[in-house]
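Asks: Please find one structure pasted underneath; my questions will follow.
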Amino acid sequence: MAVSPVLVIKIVDDSSVGVRARWRDEYVEHHIVLNSVLAYWWANDLPPVKKFLELFESVIKRTINELTPHKTLRLKYDVKMDDALDKASEIEINLIEVEADDIGFKIEGKTLVLKGLRKSVVDEEEKKPFSTTYVRVMETPDIVLKKYREMKDK
């Protein structure tokens, strides 16, 4: 019986999002501290939902790379937002598929819901709810992959 690696996504005490990759007895975990990143995005007038998606993908990639270095990561997920990507304040992410070099991950905590990401409130009548499915294929540059492998072999 083959043991599949597991990716766990969870909200930790309403102030951070935990991303953990586990395979057999090994695991790697990272957190996105929401208060810190939101303060930065708000101060620099950046769209928080869009920036969160970028950060979320990056943290998943880093976490899995530290557990099992890989060249290609494929993420597939559904997203529902209360408005267009650049204006949204609420997001629901439903992870569908995660593969690192054709190794599929079992996903625990598939759905992540965040609210209040925007500092200013938009009139409810002006909002246009938005949903889509993203399929992201991210490549690890060879030099970075070499470093992850060296870290893993230590």
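Asks: Restricting to segment 13-24, count the residues that are under 21 Å from Y77 (Cα atoms) and open to solvent by less than 70 Å² (accessible area, probe 1.4 Å). Walk me through it before giving the result.
Replies: Initial filter on segment 13-24 (under 21 Å from Y77 (Cα atoms)): 16-22.
Imposing the further condition that a residue be open to solvent by less than 70 Å² (accessible area, probe 1.4 Å) reduces the set to 16-21.
Residues in segment 13-24 being under 21 Å from Y77 (Cα atoms) and open to solvent by less than 70 Å² (accessible area, probe 1.4 Å): 6 in total.
Asks: Enumerate the pairs (first residue in segment 110-132 and under 11 Å from K87 (Cα atoms); second residue anywhere and part of a helix (DSSP H, G or I) and at pLDDT 75 or above) with beta-carbon separation below 6 Å, excluding pairs fewer than 6 apart on the same chain, so at least 6 apart or on different chains.
Replies: L117/P48; L117/V49; R118/P48; K119/W42
Asks: Taking the condition of being within 15 Å of the chain's Cα centre (by Cα), closer than 13 Å to L117 by Cβ and open to solvent by 20 Å² or more (accessible area, probe 1.4 Å), how many residues in segment 55-89 meet it?
Replies: Here the count works out to 1.
Asks: Something else about it: Consider only pairs whose beta carbons are under 6 Å apart and that are at least six residues apart or on different chains; among these, list those whose first residue lies in segment 135-152 and is more than 20 Å from E57 (Cα to Cα) and whose second residue is modelled with pLDDT of 90 or more.
Replies: Once the first residue is more than 20 Å from E57 (Cα to Cα) and sits in segment 135-152, its partners that are modelled with pLDDT of 90 or more give R149/P69; K152/P69.
Asks: Could you tell me whether segment 102-120 includes any residue that is assigned to a strand (DSSP E or B), farther than 23 Å from D25 by Cα and at pLDDT 95 or above? Reasoning before the result, please.
Replies: Filtering segment 102-120 down to residues assigned to a strand (DSSP E or B) leaves 103-104, 106-108, 111-114.
Still in the list and also farther than 23 Å from D25 by Cα: 111-114.
The next check asks that each one be at pLDDT 95 or above; those that pass are none.
No, segment 102-120 contains no residue that is assigned to a strand (DSSP E or B), farther than 23 Å from D25 by Cα and at pLDDT 95 or above.
Asks: When segment 25-44 is examined, which residues are found to be open to solvent by 30 Å² or more (accessible area, probe 1.4 Å) and in contact (Cβ under 8 Å) with a residue 24 or more places away in the chain?
Replies: Once the filter is applied, which keeps residues that are open to solvent by 30 Å² or more (accessible area, probe 1.4 Å) and in contact (Cβ under 8 Å) with a residue 24 or more places away in the chain, segment 25-44 yields E26, Y27, E29, H30, W42.
The values are calculated or read from the model by the stated rules, or taken from the named source; none is laboratory data. Nothing here was measured: the structure is a model prediction, and the numbers come from that model. All Cβ positions, even for glycine, are placed from backbone atoms using ideal geometry, and neighbour counts span all protein chains on display. Just the protein is used for accessible areas: all its heavy atoms, side chains included, with ligands, DNA and RNA removed. Shrake-Rupley method; radii C 1.70, N 1.55, O 1.52, S 1.80 Å.
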